Amino acid sequence: QVQLVEAGGGLVQAGGSLRLSCAASGRTFSSYAMGWFRQAPGKEREFVAAISWRGGSTYYTDSVKGRFIISRANARNTVYLQMNSLKPEDTAVYYCAADWDLLATRSSPDYWGQGTQVTVSS
């Protein structure tokens, strides 16, 4: 079992930055690929980024490439999402996720966090 708790959301102006963090509990955290999804009002939840269990491989959806950076610190059981050059269309609830195969599937992870709101004003 893995429990995930996100933090770091908030309100930011367009062009600004935020860093989300996701603290995981469970002894097998370092064995899971980790990722971030987001869900905007009236839209389906979508994949944002994922990172392999060692951190050597990452994958991003096209809309955030060059602006967002996913990283992890296995010693602290934490995964991060650094979000730069934020746009109003990045406004959403952001969810942390864990799954053995998340880099390949980029969907239906085994574990979800509760979500954190990110609002980007124009």
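Below is a table of values for the structure above.
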| read-out | value |
| --- | --- |
| Residues located in the stretch 62-79, provided they are in contact with a Leu (Cβ under 7 Å, 6 or more places away or on another chain) and not β-branched (Val, Ile, Thr) | 68 |
| Long-range neighbours under 7 Å by Cβ, at least six apart or interchain, first residue on the phi > 0 side of the Ramachandran plot within the stretch 31-55, second of a type in the set (Gly, Ala, Ser) and assigned to a strand (DSSP E or B) | 55/71 |
| Verdict on residue 57 being over 27 Å from residue 88 (Cβ atoms) and at pLDDT below 95 | no |
| Condition broken by residue 122, with the remaining ones in (1) touching a strand residue (DSSP E or B) at 6+ places or on another chain (Cβ under 7 Å); (2) more than 14 Å from residue 48 (Cα to Cα) satisfied | (1) |
| Selection count, the stretch 83-108, where residues are within 18 Å of residue 54 (Cα to Cα) and either among the acidic types (Asp, Glu) or open to solvent by 10 Å² or more (accessible area, probe 1.4 Å) (or both) | 7 |
| Index of the failed condition, residue 58 passing every other in (1) under 15 Å from residue 104 (Cα atoms); (2) touching a residue at least 60 places away in the same chain (Cβ under 8 Å) | (2) |
| In the stretch 99-122, the residues that are more than 27 Å from residue 85 (Cβ to Cβ) and in contact (Cβ under 8 Å) with a residue 12 or more places away in the chain | 99, 100, 101, 110, 111 |
| Of all residues making up the stretch 32-79, the number that are under 14 Å from residue 115 (Cα atoms), in a strand (DSSP E or B), open to solvent by 30 Å² or more (accessible area, probe 1.4 Å) and not acidic (Asp, Glu) | 1 |
| Odd one out for residue 24 among (1) among the small types (Gly, Ala, Ser); (2) within 14 Å of the chain's Cα centre (by Cα); (3) open to solvent by 50 Å² or more (accessible area, probe 1.4 Å) | (3) |
| Within the stretch 80-119, tally of residues that are closer than 23 Å to residue 13 by Cβ and part of a loop (DSSP other than H, G, I, E, B) | 6 |
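The values are calculated or read from the model by the stated rules, or taken from the named source; none is laboratory data. Because the structure is a prediction, the values reported are computed rather than measured. Methodologically, a virtual Cβ is constructed for each residue, glycine included, from the backbone with ideal geometry; neighbour enumeration extends over all protein chains shown. Surface areas here come from the heavy atoms of the whole protein model, side chains and all, with no ligands, DNA or RNA. Shrake-Rupley method; radii C 1.70, N 1.55, O 1.52, S 1.80 Å.
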